[in-house]
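Working notes, beginning with the structure itself.
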Amino acid sequence: MTKITLGKAINAGLRAAMEKDPKVIVMGEDIGKLGGVFRVTEGLQKDFGEDRVIDTPLAESGIIGTAVGLALRGYRPVCEIQFDGFVFPAYDQIINQVAKMHYRSMGKIRMPIVIRIPYGGGIGAVEHHSESPETLFAHVPGLKVISCGDPVDAYWMIQQAITSDDPIVFFEPKRRYHEKAELDESTPPSLPLHKAKVVREGTDATLLCYGPMVKTCLQAAEAAVEDGRNLEVVDLRTIAPFDLATIFASVKKTRRAVVVHEAPYSFGPGSEIAARVTEECFYHLEAPVLRVTGYDTPYPPSRMEDDYLPDLDRVLDGVDRVMGY
Amino acid sequence: MSESVPGPAPEVFAPHEAPVSPPQASEEVEFVQLLTPEGERVEHPDYKFDLDDETIKGFYRDMVLVRRIDSEATALQRQGELGLWASLLGQEAAQIGSGRALNKKDMVFPTYREHGVAFCQGVNPLNLLGLFRGVDQGAWDPKDNNFHLYTIVIGAQTLHATGYAMGQQRDHAIGDAENGEATIAYFGDGASSQGDVNEAFIWASVFNAPVVFFCQNNQWAISEPIDRQTRIPLYQRAAGFGFPGIRVDGNDVLATYAVTQQALKRAREGSGPTLIEAYTYRMGAHTTSDDPTKYRLNEDLEHWKLKDPIERVHAYLSRHAGVDHDFFDEIDAEGDKIAAELRAGCLALPDPVLTDFFQNVYVEETPQLAEQRDQFVAYAASFEGEG
Ligand SMILES: Cc1ncc(C[n+]2csc(CCOP(=O)(O)OP(=O)(O)O)c2C)c(N)n1
Ligand SMILES: [Mg+2]
């Protein structure tokens, strides 16, 4: 077994999917020779050719719109959007076409499209390169939204997403592209795609997180041991739909929950979780569900992002508050 | 005086005969050139450059200074003082020629690479650095210098420019080639594929808006060569939208000046939009994060080095205008001085505080946001006095 980075794990997952199914096509800006600005598609064009690994013209609506056509023709397009902030020219195609095709065709048409989006902050980038727009997709019926928190999940989840007959928006935690883990490609994935994963068992409170915040929450949980607290950490993995069963089971056990995401506070995934947990776990709760998130401002200039983003201290502060009830 | 919408039917250049096999976009077709790479003046039947050598000396100075500012910014990025820098290296003539053609009342909508145009408009280069350092997202006031904020989302500003021009039209600020107003939109070859840019062409055309679309075709959109965006020369696209398009040697500052000036005049007098394709080359990486060795050959670079926009003016001035060493040395020294000031200014840029950034989400802070700001302040204060 070798250690592999999260970025390379997605690369390997794409490669495996392309080897298995000749209908899988990868497309996006700068993904060919360059291998993508994060090198996630490195080497794929060399090995699978320009017909299957397509450097597209610079137009996101075009990328998704033509993916719809390719899907209608029996292909399984995997589209890369270069950065989170640049998905919006494609938003109409995603919301009005990709998400609704199955519904309005009464199930006759499927849209097996994966839209890969490197997302989130913490890399010192200029504006539009650090956003967390997952809610804007999770809110749309017909789309599934997922995010991986570690290299092993990255490897399997991208493949599972590609085999899905529903369209999937796959949020990749770009600041974790270089995180490493052991990957055994011969052991099949332990979970189906739309299942959450308890990544640390605990008893005192549950941290619910996904994507880049999984690592942050695991670190916070380790730090909390010093305060005599034993935190459970759940990597949600799937945002639309949520794996409510796993969430409820954990919260019923610990009786306290803090949701952590980089996306702004209001109307974020945390809002939905808080509502559902309140509805389903009301009599088990010792405290309201709290949220530790980005603030309700646009993503700030990068010199302030450390203050904007939830970090270990802010997660622990959230834990203090949820334990204070 | 200008009419309101729609204006007079734009003069439409006859579309080119459809070629049997379409020419590749990167294939060299004729362009307007007034100064050869060797520094020799040439004439063009439609475009004259009739300004004196003093003006050309001024262009030379501008180009040297912006190249120096640019190289200092690149160095600052390497030293960790900027998060990123998008170099204009190689595009000085396109930017200075077009920038110097602008009148005081004309409005500019830039991308993220228009440092040369910003310089012409009098924007303090330190303000440009703020965005790349991550202390702000463009802190200058566009009204101060008629220079809008940098736009990073590819192509979006072309529509803003068109809308602004429609405003100029409705304000009856056009109709006179000298005193009228015009707008210029900068964008790249890659941007030409965006829906927004094509919509901007349509709007500008049907409303006859006083806007000049200035496309710097630097042959690359990050790693993608121009052939990935178009199979015909970009300027020829204008014909399909119903307004004139022209290709200019983007490394010839006299030509970019003359062509832009004519297009601006057309706009100001109410004759509508023009597409200018400035044929140039991105001599550096896309940005400091990019590694061009992954996708392009060094030979191309060597080839374009021979067409350097500054060298040819240097050659012209020393050979034909009797300009001696002192002139060039003085400008180099001035560049070094500006660069040193820029560096000092950059290092002294105050680090911003997040509290300031709650304030401008809305014109008036909402109660919810005020509450979040207070919580943030209290939370940050809880760390004070700690190690
Ligand atoms: C909508 C959008 N998609 C993608 C990007 C990422 N991106 C930044 S610059 C660039 C290439 C732009 O090429 P071009 O228009 O030729 O301008 P140049 O950088 O060459 O000046 C890309 C794809 C972006 N900024 N905005
Ligand atoms: Mg370009």
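The values are calculated or read from the model by the stated rules, or taken from the named source; none is laboratory data. It should be emphasised that the depicted structure is a prediction, and the values quoted were computed from it without experimental measurement. Every residue, glycine as well, gets a Cβ built from its backbone with ideal geometry; the counts of neighbours run over all protein chains shown.
Restricted to the range A:119-137, and to residues there that are buried (at least 22 other Cβ atoms within 10 Å of the Cβ) and away from ligand 1 (no atom under 16 Å from the Cβ), the residue that is nearest to the other protein chains (Cβ to nearest Cβ) is A:Gly121. Every test in (1) among the polar types (S, T, N, Q); (2) in contact with a Pro (Cβ under 7 Å, 6 or more places away or on another chain); (3) within 14 Å of chain A (Cβ to nearest Cβ) is passed by B:Gln168 save one, and that test is (3). When A:Asp296, A:Asp243 are screened for being among the charged types (D, E, K, R), touching a His at 6+ places or on another chain (Cβ under 7 Å) and surrounded by fewer than 21 Cβ atoms within 10 Å (Cβ to Cβ), only A:Asp243 passes.
Kindly indicate whether A:Val251 is in a helix (DSSP H, G or I), in contact with a helix residue (DSSP H, G or I) (Cβ under 8 Å, 6 or more places away or on another chain) and away from chain B (no Cβ under 14 Å).
Answer is yes for this residue.
Among the residues of the range A:297-308, are any closer than 22 Å to A:Glu134 by Cα, part of a loop (DSSP other than H, G, I, E, B), of a type in the set (D, E, K, R) and touching a Leu at 6+ places or on another chain (Cβ under 8 Å)? Within the range A:297-308 (the criterion being closer than 22 Å to A:Glu134 by Cα, part of a loop (DSSP other than H, G, I, E, B), of a type in the set (D, E, K, R) and touching a Leu at 6+ places or on another chain (Cβ under 8 Å)), the answer is no, since none of the residues qualifies. Residues in the range B:184-227 that are within 12 Å of ligand 2 (Cβ to nearest atom) and either more than 11 Å from chain A (Cβ to nearest Cβ) or more than 17 Å from the chain's Cα centre (by Cα) (or both): B:Tyr186, B:Ser193, B:Cys215, B:Gln216, B:Asn217, B:Asn218, B:Gln219, B:Ser223, B:Glu224, B:Pro225, B:Ile226. Determine whether the range B:273-288 contains at least one residue that is touching a Gly at 6+ places or on another chain (Cβ under 7 Å), among the aromatic types (Phe, Trp, Tyr) and crowded, with 18+ Cβ neighbours inside 10 Å. Yes: one or more hits. The single condition among (1) more than 14 Å from every other protein chain (Cβ to nearest Cβ); (2) outside any loop (DSSP other than H, G, I, E, B) that A:Gly149 does not satisfy is (2).
Applying the condition of being crowded, with 24+ Cβ neighbours inside 10 Å and in a loop (DSSP other than H, G, I, E, B) to the range B:153-169 and asking which residue is nearest to ligand 2 (Cβ to nearest atom) yields B:Ile154. Only one of A:Pro188, A:Pro173 is under 25 Å from A:Pro310 (Cβ atoms) and more than 16 Å from ligand 2 (Cβ to nearest atom); which? Of A:Pro188, A:Pro173, the one residue that is under 25 Å from A:Pro310 (Cβ atoms) and more than 16 Å from ligand 2 (Cβ to nearest atom) is A:Pro173.
Looking across the range B:357-370 at every residue that is more than 9 Å from chain A (Cβ to nearest Cβ) and surrounded by 12 or more Cβ atoms within 10 Å (Cβ to Cβ), the one that is nearest to B:Val64 (Cα to Cα) is identified as B:Gln359. For the range A:24-50, the set of residues classified as over 24 Å from the mean Cα position of the chain (by Cα), basic (Lys, Arg) and either within 16 Å of ligand 1 (Cβ to nearest atom) or closer than 16 Å to A:Cys79 by Cα (or both) consists of A:Lys33 only. Would you confirm, using the coordinates I've provided, whether B:Ala185 is within 30 Å of B:Leu349 (Cα to Cα) and either at pLDDT below 95 or within 13 Å of ligand 1 (Cβ to nearest atom) (or both)? Yes; evaluated as a whole, the condition is true for this residue. Where helices (runs of 4 or more DSSP H) fall entirely within the range B:283-387, those with at least 3 residues that are within 25 Å of the chain's Cα centre (by Cα) and assigned by TED's automatic domain parsing to the domain that holds B:Thr74 are at B:298-305, B:309-320, B:325-347. Among the residues examined, B:Ala94 qualifies as modelled with pLDDT of 95 or more, within 9 Å of the chain's Cα centre (by Cα), over 25 Å from B:Asn179 (Cβ atoms) and surrounded by 22 or more Cβ atoms within 10 Å (Cβ to Cβ). Restricted to helices (runs of 4 or more DSSP H) entirely inside the range B:86-152, those with at least 2 residues that are touching a residue at least 12 places away in the same chain (Cβ under 8 Å) and within 14 Å of another protein chain (Cβ to nearest Cβ) are B:125-133.
Residues that are within 12 Å of the chain's Cα centre (by Cα) and not in a loop (DSSP other than H, G, I, E, B): does the range A:225-236 have at least one?
Scanning the range A:225-236, I find at least one residue that is within 12 Å of the chain's Cα centre (by Cα) and not in a loop (DSSP other than H, G, I, E, B), so the answer is yes.
Of everything listed in (1) within 14 Å of ligand 2 (Cβ to nearest atom); (2) crowded, with 24+ Cβ neighbours inside 10 Å; (3) among the β-branched types (Val, Ile, Thr), the single unmet condition for B:Thr230 is (2). Check the range A:178-196 and report whether any residue there is at pLDDT 95 or above, of a type in the set (Val, Ile, Thr) and outside any strand (DSSP E or B). No, every residue in the range A:178-196 fails to be at pLDDT 95 or above, of a type in the set (Val, Ile, Thr) and outside any strand (DSSP E or B). Taking the range B:206-227 as the range and being buried (at least 22 other Cβ atoms within 10 Å of the Cβ), more than 16 Å from ligand 1 (Cβ to nearest atom) and at negative phi as the test, the residues that pass are B:Ala209, B:Pro210, B:Val211, B:Val212.
Restricting the range A:182-224 to residues that are free of Cβ contacts under 8 Å to residues at least 40 places away in the same chain and under 28 Å from A:Val322 (Cα atoms) leaves a set whose member that is nearest to the chain's Cα centre (by Cα) is A:Leu218. Of the residues examined, B:Glu181 is one that is of a type in the set (Asp, Glu), under 28 Å from B:Ser271 (Cα atoms) and either within 14 Å of chain A (Cβ to nearest Cβ) or crowded, with 24+ Cβ neighbours inside 10 Å (or both).
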